[in-house]
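The values are calculated or read from the model by the stated rules, or taken from the named source; none is laboratory data. Note that the structure is predicted; figures quoted are calculated from it, not measured. So basically every Cβ, Gly included, is an ideal-geometry build from the backbone, and we count neighbours across all protein chains shown.
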Amino acid sequence: MSRPETTIGAPSRLESRRKIGDFLLKYYIQSLLVVALIVLAALNTNFRQPNNLKNILLQSSFAGIGAAGMTLLITAGAFDLSVAGILGVCGVIMATLVAPTSTALGICAALAVGVALGIINGLIVTKLRIPAFIATLGMMNVYLGLGFIWTNGQVVSVAQPAQVSQTTGVVSAATPFVLTLGTGSLFGILPVPFLVMAIVYGLCYLLFRRTHYGRFLRAVGSSEPAARTVGIPVTRIRIIAFALVAACTAIAAVLLTAELSSANAIMATGYELNVIAIVVVGGTSLQGGRGTLLGSFTGALFFAVINNALNIFGVGAYWQYVVSGVLLISAIAVQAVRSYVSAVE
Amino acid sequence: MKQMINNKSMSGSRTASPVRALQLSEGLGVSVLLILVVAAATVTARGFFTYTNITNTVIFASITAVTGFGMTFAIAVGGFDLSVGSVQSITAITVAALLSVTNIPFAIAGALLVGLCIGLANGLIISMLRVSPFVATFGMMSIVRGVALLATKGQSILITKSPIAALNVGKVLWIPVPFIIVLVVFAVLYVVLHHTPFGRHVCALGGNRKAAVASGLSISRITIAVFGMVGLTAGVSGVMLSAQILIANGTLGTGFELQTIAISVLGGTSLAGGSGNLIGTLIASLLIATISSALNILKVAAFYQYLYLGLLLVLALYLDTVRRDILLASILGKGGRA
């Protein structure tokens, strides 16, 4: 009875210092982003221009949206390397359908195909019991191939009919809306893709934290046998998680296609590693069981800020690889060493 | 009491041999597929089963397999290395650059040293700075790629008038030199993994980190050694690649990291860590090379090659799942009868 009292009565100054330390560690990537933003804004006038900030938000959203779904999947103990392929397929489907039919149909088709591809991934991993890494790597090739075959390896333009009609003086009704999805903004600073990203994260957060499904996801990720034993439908949870990643990727595909006003099968090379890096930097463990959507959201912004700052400061293209790698490692190293030190203390 | 002991030892020996059979078949699983694919390719693709084509296929497989072996260690220790593609590029550049000022042995030694140093740096970052292997090697991938592009100013370096091509086209007793390199690296690493304390420590650390720490293993030394080895094997593949294509630039090896992880996993090494299957890695590299070679000979359009390669990979892995099920069922069936 006396022991808990002594711990409660521990020195309060130490306690509060530890609390601040814990807070900074818990919200490390968020604190880092805030500090980086303040320093960069103070250092460079171009950086703090509203247009540039808008650009950062825009650039963060494409990988950021994919990272929302990926966070859920990684929490469930799997990951999806086929997202670049899914993004390509959804992009070209939308681009080819918008002009001959309608914007709505193009978008709906892209999203539906995305979800279908995700379900296929999920079925292959769960029903054929193939490790997610290699199964999705294989499917990446399949989707890339399908995207190439669909487009014959060409870039499909969304805006083509609009250009044709502009010369004849007739403006197609469908096209401006599509472009708005990619390039429009709210109050001139919040790009539409970023708003969509915020909504996606909000929905994923509700799903993750406020539903049984979210709890099951974490249970499956921390111990699959235990989850099975207590009667969680592991297979269904996994398949839905793959579908969610693909759905997020399809949304990113729609926005990216609208932003570029064109699409091709390889429009997102390297997307899978970028997305997983965002999730990992955000603080989600690749071991599964734990995930943070706030971390992924910040991680997406963090990468966009680094890339933007390197451009603003005129760092050469090749130096950017070096500097961003060093920044990434040192940022995470500081956090890792700090949390190790505090664990030892 | 005596009976209990007897029972125990009996049941021990009973389970031991099927379990060993299962372990042995882990390496053989992919090889059944390899035989099937080779047979199918021989029947359907005229010109597949010729000496020249088989040699080319084996050389193609060798370059991936060498780094695949190192990657198998990294996966066994519970991580993986995303920087191998960049390392392959920068070591190929090192060979090309050094060949203009020095002889072949120095050029190769220099390249291997570069690979080893990058690998050791990865290991140091992971063990000393406690950065996860994913982030550390993802960052290193970017850094090394940048240095490779800076060093070459984005240009290509040609290797001219150098007998280093013999490393690629040379043959000893009709066996291409790259495959001999692969066999040597395989033999060395096989012994290291299965017959040395270090190999057991690698698997122990990958299998159960806490237990490994508790039993007094030096985590950082093992991690640094393993990632140093991955860097070294990536360097070997960089040397082999430069000898093959006789040109080096900063964009070589893009996507190499996923290829090498893929052949390790396809070969039966679990990403969960704790074990490595080097034979499987070797056979998986041959399998993938055979599939691409057959698709090339069948003149399958590039677009469709992606599609078929992906589908065949998934099919291959599904057959592997089926094989494991059958074996497990037979083991459990035997256990039930006895």
query: Looking at B:A136, is it among the aliphatic types (A, V, I, L, M), farther than 23 Å from B:S62 by Cα and crowded, with 20+ Cβ neighbours inside 10 Å?
result: yes
query: Just checking, how many residues over region A:121-161 are surrounded by fewer than 21 Cβ atoms within 10 Å (Cβ to Cβ) and either among the acidic types (D, E) or more than 7 Å from chain B (Cβ to nearest Cβ) (or both)?
result: 11
task: Return yes when B:A92 is surrounded by fewer than 24 Cβ atoms within 10 Å (Cβ to Cβ), at pLDDT 90 or above and among the small types (G, A, S) and no when it is not.
output: no
- request: Determine which member of the set A:A252, A:A219, A:A226, A:A243 is under 21 Å from the mean Cα position of the chain (by Cα), more than 14 Å from every other protein chain (Cβ to nearest Cβ) and more than 30 Å from A:G325 (Cβ to Cβ).
  value: A:A243
query: In this structure, does A:T257 turn out to be modelled with pLDDT of 80 or more, surrounded by 16 or more Cβ atoms within 10 Å (Cβ to Cβ) and either within 10 Å of another protein chain (Cβ to nearest Cβ) or within 18 Å of A:L24 (Cα to Cα) (or both)?
result: no
- line: When every residue in region B:313-325 that is more than 8 Å from every other protein chain (Cβ to nearest Cβ) and aliphatic (A, V, I, L, M) is compared, the one nearest to A:G85 (Cα to Cα) is B:L315
statement: Those helices (runs of 4 or more DSSP H) completely within region B:209-310 that have 3 or more residues that are touching a strand residue (DSSP E or B) at 6+ places or on another chain (Cβ under 9 Å) are B:219-245
message: So A:V279 passes all but one of these: (1) closer than 30 Å to A:E224 by Cα; (2) modelled with pLDDT under 85. Which condition number does it fail?
response: (2)
query: So, of the residues in region A:297-332 that are of a type in the set (G, A, S) and surrounded by 19 or more Cβ atoms within 10 Å (Cβ to Cβ), which turns out to be nearest to the other protein chains (Cβ to nearest Cβ)?
result: A:G325
message: Condition (residue is of a type outside the set (S, T, N, Q), within 25 Å of A:G299 (Cβ to Cβ) and touching a Ser or Thr at 6+ places or on another chain (Cβ under 6 Å)) applied to region B:131-143: is it met by at least one residue?
response: yes
- prompt: Yes or no: B:F179 within 12 Å of chain A (Cβ to nearest Cβ) and more than 15 Å from B:N249 (Cα to Cα)?
  reply: no
statement: In the set B:S264, B:S242, the lone residue that is buried (at least 19 other Cβ atoms within 10 Å of the Cβ) and facing another protein chain (nearest Cβ under 10 Å) is B:S264
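This table checks each residue for (1) touching a residue at least 12 places away in the same chain (Cβ under 8 Å); (2) within 26 Å of A:E224 (Cα to Cα); (3) not small (G, A, S).
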residue	(1), (2), (3)
A:G91	yes, no, no
A:S102	yes, no, no
A:A110	yes, no, no
A:V115	yes, yes, yes
A:G118	yes, yes, no
A:G122	yes, yes, no
A:T126	yes, yes, yes
A:R129	no, yes, yes
A:A132	yes, yes, no
query: Got at least one residue in region B:79-89 being away from chain A (no Cβ under 14 Å) and not hydrophobic (A, V, I, L, M, F, W, C)?
result: yes
field: Residue that is nearest to A:L273 (Cα to Cα) [pool: residues in region A:289-345 that are assigned to a helix (DSSP H, G or I) and aromatic (F, W, Y)]
entry: A:F303
- request: Out of B:T251, B:T290, report the one residue that is at pLDDT 85 or above and within 14 Å of chain A (Cβ to nearest Cβ).
  value: B:T251
Any chance A:L53 is farther than 20 Å from A:G288 by Cβ and either free of Cβ contacts under 8 Å to residues at least 40 places away in the same chain or among the basic types (K, R) (or both): no
- request: Test each condition in (1) over 17 Å from A:T235 (Cα atoms); (2) surrounded by fewer than 19 Cβ atoms within 10 Å (Cβ to Cβ); (3) within 11 Å of chain B (Cβ to nearest Cβ) for A:C108 and report the one that comes out false.
  value: (3)
- prompt: Looking at region A:171-236, what helices (runs of 4 or more DSSP H) fall wholly within it and have at least 3 residues that are farther than 23 Å from A:I107 by Cα?
  reply: A:192-210, A:212-222, A:224-229
- prompt: Which of the residues that make up region A:222-233 are hydrophobic (A, V, I, L, M, F, W, C) and either under 14 Å from A:G288 (Cα atoms) or exposed (fewer than 13 other Cβ atoms within 10 Å of the Cβ) (or both)?
  reply: A:A226, A:A227, A:V230
message: Quick check on region B:148-166: of everything there that is assigned to a helix (DSSP H, G or I), out of contact with any Leu (no Cβ under 8 Å at 6 or more places or on another chain) and surrounded by fewer than 21 Cβ atoms within 10 Å (Cβ to Cβ), which residue is nearest to the other protein chains (Cβ to nearest Cβ)?
response: B:L150
query: Does A:T96 satisfy being touching a residue at least 24 places away in the same chain (Cβ under 8 Å), out of contact with any Lys or Arg (no Cβ under 7 Å at 6 or more places or on another chain), among the polar types (S, T, N, Q) and buried (at least 24 other Cβ atoms within 10 Å of the Cβ)?
result: no
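This table checks each residue for (1) of a type in the set (A, V, I, L, M, F, W, C); (2) modelled with pLDDT under 85.
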| position | (1), (2) |
| --- | --- |
| A:Y27 | no, yes |
| A:V34 | yes, no |
| A:L37 | yes, no |
| A:A42 | yes, no |
| A:T45 | no, yes |
| A:N55 | no, no |
| A:F62 | yes, no |
| A:I65 | yes, no |
| A:G69 | no, no |
